[in-house]
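Take a look at the structure set out below.
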Amino acid sequence: MTDDIILEARSIFKQYPGVTALDKIHFRVHRNAVNVLIGENGAGKSTLMRILAGVESPDAGELLIEGRPITLRSPREATAHGIAIVHQELSIFPNLDLSENIFAGRELTHHALIDRPTEDSRTTSALDRLGKPMAATTQASTLSLGRRQLVELARILAHGAKLLILDEPTSALSLTEADTLFRVLSELKSSGLTIIYISHRLHELLHLGDHFTVLRNGRIVGEAPRTNVTRTWIVERMSGGPQTEALAPTSTPTPLLTVTNLTITPQDDNEITLTNLTFNLYKGEILGIYGLLGSGRTELLEALAGARRFTGTITLNNHPIHLTSTTAAVKHGIALVPEDRQRDGLIPELSIRENIALGSMQGFFINRTDQHQRTQQLARDLNIAAPNLDRPITTLSGGNQQKALLARCLMRNPTILLLDEPTRGVDAGAKLEIYNILRTLAAKGLAILFTSSEIEETQALATRALVLCQGRIATTLTPPHITDEALFTAASPNISPPSSPSSEAVL
Amino acid sequence: MTTPTTLSGRALLLLLKLRAVLMLLILLAIFSALSPTFFTANNLSILAKHVSISALLATGMTLVVLTGGIDLSVGSIAGLSGIVAGLLINGLTLGGSTHYPPIPVVILAALLTGALAGAANGLLIARFSVAPFITTLGMLYIARGTALLLSNGHTFPNLAGSQAHHNTGFPALGQSFLLGIPTPVWIALIIAAIAALVAARTPFGRHIYAVGGNERAARLAGIHIARVKLLTYILSGLCAALVGLIIASQLESAHPATGESFELNAIAAVVLGGTSLMGGRGSIGGSLIGALVIGVLADGLVMLGVSEFWQIVIKGVVIVLAVTVDQLQSRVQFRFLNALFRPKQEAAQ
């Protein structure tokens with residue numbers, strides 16, 4: 001049985017400031033099989049994969065390949081051991097063409113110069129094998145997300161690898177592209193490759209997987225071969241218990257915010273188009289926007305926060321408003337908690353208190369006493385676990401940092417709260433706490449609009465859910481109907497139209 | 001950016017890409033029309049010498065800028081290298097006796113100075129993640145200060161050397177001609193050609209573009225980012241040292257203030273040539289054109305007798321305009337070409 005294990009991770013422990021990402025994990029990878037890794041966002045899947053790919057080192061624990069202990073200090077060393085990874089965030093060089101992308105770091109040379117003809121022919125054959133012939137000289141920046149992913153796969157095919165790690169490979173793919181991928185994966189498996197596959201989509205996991213491992217909060221909570229795995233088995237282990245009850249809708253008939261024909265036309269090739277989005281937001285409701293990567297959920301929120309140009313009409317209490325800048329949005333009582341709190345939210349140099357108070361200071365001088373009282377009150381209301389608000393914001397855990405950002409928005413007494421992935425990188429306990437806070441806020445009359453890529457979150461939190469697919473509203477669902485299947489089906493593109501017609505049609 | 005399929009579309013794209021060349025041709029047309037002496041052999045020779053200086057610096061600078069960095073220290077490094085050459089030709093006193101190293105040794109020592117200064121830049125930037133702007137700003141002062149210290153603030157005169165010390169011949173580097181073309185022009189052309197080949201056709205060159213395009217992805221692809229960056233700064237330092245040598249050779253003296261504000265000319269040439277300061281996009285060829293534009297502009301304005309102060313203003317305007325066009329390019333190009341080609345594509349589908 002041990003011969004069957006190509007790679008083993010023993011007692012892997014990894015900690016980041018404020019959060020234990022992996023808590024003494026034992027993970028075994030079965031040879032010549034599709035090893036599925038499942039878990040919610042923040043469960044530690046990506047961290048584990050980055051360790052296997054040599055991008056990060058564990059704080060403790062050891063890795064064994066073919067039973068021999070190894071250390072992976074860099075991606076290069078992982079590659080030398082035959083481990084290749086396709087990252088969740090694509091690692092494409094937009095400024096280079098396909099051959100250059102595929103052979104980056106592994107150029108073929110002839111008399112010290114790059115052997116372009118050989119590179120090109122290998123590129124072409126790798127792309128052909130993926131069923132998506134593209135010219136080797138195509139600039140990567142002109143490709144859709146889905147095609148960029150295929151290029152990454154082609155990179156691995158061109159170099160040969162024993163162990164292929166795919167981190168949410170289908171999150172940006174259309175169904176036909178995903179089908180192509182599944183076909184390629186089974187072909188690769190039969191040619192002797194071992195695959196580690198991470199995804200949220202249960203149906204494709206059940207379709208593809210041979211061995212299943214479930215992660216929750218940095219621990220492995222289930223491990224079984226395909227024959228012993230059912231949908232319920234996965235869901236129970238992922239969520240760690242019964243699903244949270246969603247509140248009954250408390251919406252009132254007159255909409256607070258009306259969005260009519262909101263359209264975003266891309267300004268450059270990396271943007272996503274939104275087409276004629278029309279919906280209402282009611283006082284006291286929690287409207288969830290569910291969609292896959294690239295569906296336009298972030299863009300919609302940014303438009304409503306005044307951070308992105310769009311056409312269409314927005315009315316607030318039946319008065320048309322112009323959301324031409326973030327300042328305008330704030331003036332109208334719209335506040336946004338951004339998706340990436342490290343990049344777009346927190347100021348790491350400032351204290352918790354200063355981070356909360358940021359943006360709601362008015363007049364020339366800061367009224368310290370007033371600020372002190374209000375931040376203290378909010379920290380108490382939101383249960384921010386800190387002995388002292390004057391400590392650096394970086395001393396807080398992910399969940400508490402998120403609550404601090406929420407507090408910042410609430411300082412301005414908004415009427416509409418926008419949240420982009422409200423619990424990304426937050427542990428399960430804090431997650432439930434944030435859900436409860438949002439429900440309390442909604443009950444007090446705040447209108448909440450949030451986006452999520454997690455089915456469980458949309459189900460747990462939303463009193464109504466809009467599903468976005470490729471920049472359009474696919475459907476609107478209300479609680480008894482917000483099922484896994486309904487969300488999946490509506491969010492998955494049925495046809496495979498290119499994400500940006502102009503850049504694709506010529507390929 | 002889409003690749004247009006029609007002939008007119010391609011022609012349009014080519015025109016956009018070649019706008020620096022266009023600018024150069026327009027400038028040449030204007031100056032030759034307004035000044036009868038512009039297209040004389042004498043003037044062109046002077047022009048070529050000036051351009052070869054900024055072209056050399058721009059060549060090294062392009063490599064650095066392609067990685068997403070910047071090198072503000074090239075002017076000072078040029079000054080320091082010239083001083084090192086001046087010091088050695090005028091005799092190095094060690095332990096009571098004075099040594100006069102032969103010219104090849106002098107040149108090597110000056111080049112080594114440039115390479116070391118570049119290596120110091122590169123190490124700080126690549127190994128210790130100090131911002132390139134800050135690191136090379138520091139080196140700008142360090143190299144200039146060192147040049148002043150070595151020369152005690154004075155000029156080293158008489159770099160022609162003497163027969164007695166067997167160190168004559170240094171002036172040939174900057175003053176001689178080969179096939180009727182000044183040697184510095186040959187040097188600049190050869191260095192630029194090598195750099196262009198390296199950038200376009202070698203793994204190292206491709207790694208430069210990869211690091212500038214997406215540093216994270218480059219790391220994941222196993223590219224030695226630190227090594228790539230270090231090498232580009234060393235090469236930039238070497239180009240600067242060559243410039244220092246050429247100028248000292250042309251003047252037959254080494255002045256510690258040589259090369260002041262040269263870095264700005266080099267950056268301007270790089271930017272005019274279409275290289276993005278964000279890294280990952282641009283070419284050596286473009287920077288050569290950029291250096292020519294700046295050189296022709298300066299030379300032409302002198303020929304026309306435009307006031308020296310106006311020359312500075314005009315140069316600034318040209319740089320800012322060129323970069324503005326560059327920034328607008330991708331957006332404008334995308335929209336414009338979309339508008340042009342979308343209907344046809346939809347019809348084809």
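Every read-out reported here was derived from the displayed coordinates using simple, explicitly stated rules and does not represent laboratory data. Only a predicted model underlies this, so the values are computations on that prediction, with no experimental measurement involved. Cβ: placed from backbone, ideal geometry, glycine included. Neighbour counts: every protein chain shown.
Would you mind listing how long segment B:205-279 runs along its three principal axes, going by Cα atoms, in whole Å with the largest first?
50, 25, 16
Volume per residue, Å³, of the convex hull around the alpha-carbon atoms of chain A?
Values: hull volume 81.9 nm³, N = 507.
Value for chain A: 161 Å³ per residue.
From the cross-link list A:Lys403/A:Lys431; A:Lys14/A:Lys45; A:Lys45/A:Lys403; A:Lys132/A:Lys162; A:Lys24/A:Lys45, which pairs have alpha carbons spaced over 19 Å apart?
Those over the limit are A:Lys45/A:Lys403; A:Lys132/A:Lys162.
Could you tell me the calculated FRET efficiency between B:Ala41 and B:Leu108, based on Cβ-Cβ distance and R0 = 45 angstrom, to the nearest 0.05?
0.85
Mind giving me the nanometre distance, one decimal, between the label points for A:Lys444 and A:Thr327, set 7 Å out from Cα along Cα→Cβ?
Once both label points are built, they end up 2.8 nm from each other.
Counting only other chains, what is the mean number of Cβ atoms within 10 angstrom of the Cβ of each residue in peptide A:104-114?
Details: counts 14, 12, 4, 9, 1, 3, 0, 0, 5, 7, 7.
For this peptide, the per-residue mean of nearby foreign Cβ atoms is 6.
Quick check on packing: order A:254-266, A:61-73, B:79-91 by the mean number of other C-beta atoms within 10 Å, highest mean leading. Show your work: numbers first, answer last.
On the way: A:254-266: 17.5, A:61-73: 14.4, B:79-91: 26.5.
Listed from highest to lowest mean packing, they are B:79-91, A:254-266, A:61-73.
For chain A, what relative contact order do you get, as a whole percent, if you take Cα pairs closer than 8 Å and at least 6 residues apart?
Relative contact order of chain A: 16 percent.
Where the centre of each part is set by its Cα atoms, how far does segment A:457-488 sit from segment B:215-282, in angstrom?
54
How large is the dipole of segment B:18-325 about the Cα centre if only Lys and Arg carry +1 and Asp and Glu carry -1, each at its Cβ, rounded to the nearest 20 debye?
My answer is approximately 880 debye.
Please find the FRET efficiency linking A:Asn261 to A:Glu236, where r is the Cβ-Cβ separation and R0 is fixed at 60 Å, and quote it to the nearest 0.05.
After rounding, the FRET efficiency stands at 0.90.
Between 0 and 90 degrees, rounded to the nearest ten: what's the tilt of helix B:132-151 against the longest Cα principal axis of chain B?
20
How much space per residue, in cubic angstrom, does the convex hull of the C-alpha atoms of segment A:1-106 take up?
Dividing the Cα hull volume of segment A:1-106 by its residues yields 131 Å³.
Who wins for biggest fluctuation among B:Ala268, B:Ala218, B:Ala199 in a Gaussian network model of chain B, springs between alpha carbons below 10 Å?
Its mean-square fluctuation being the largest, the pick is B:Ala218.
Can you give the convex hull volume of the alpha carbon atoms of the protein assembly as shown per residue, in Å³?
220
Nearest 5 percent is fine: what portion of the DSSP beta bridges confined to segment A:2-239 is antiparallel?
Restricted to segment A:2-239, the bridges split so that about 60 percent are antiparallel.
Determine the sum of side-chain charges near A:Ile448: Lys and Arg each +1, Asp and Glu each -1, restricted to other residues whose C-beta is under 14 angstrom from that of A:Ile448.
Net of charged neighbours comes to 0.
Kindly express, to the nearest 10 degrees and within the range 0 to 90, the angle between helix B:74-89's C-alpha long axis and the longest C-alpha principal axis of chain B.
On a 0 to 90 degree scale, this one is about 20.
Please compute, over every Cα-Cα pair in segment A:342-413, the percentage with a separation greater than 21 angstrom. List each step's numbers first, then the result.
Values: 388 of 2556 pairs.
Above the 21 Å cut-off, segment A:342-413 has 15 percent of its Cα pairs.
In the protein assembly as shown, what % of DSSP beta bridges are antiparallel (nearest 5)?
That works out to approximately 60 percent antiparallel.
Over the alpha-carbon set of segment B:18-325, work out the extent along each principal axis and list the three values in angstrom, largest first.
Reported extents, whole Å, longest axis first: 59, 57, 35.
How far, in degrees from 0 to 90, does helix A:428-443 lean away from the longest principal axis of the Cα atoms of chain A, to the nearest 10?
Computed tilt is about 30 degrees.
Calculate the FRET efficiency for A:Arg380 and B:Leu304 from the Cβ-Cβ distance with a Förster distance of 56 Å, rounded to the nearest 0.05.
Computed FRET efficiency for A:Arg380 and B:Leu304 comes out at 0.15.
Which residue, chosen from A:Val235, A:Ser492, A:Gln371, occupies the Cα position most advanced towards the positive end of the dipole of chain A, where the dipole is computed from +1 (Lys, Arg) and -1 (Asp, Glu) charges on Cβ about the Cα centre?
Farthest towards the positive pole: A:Gln371.
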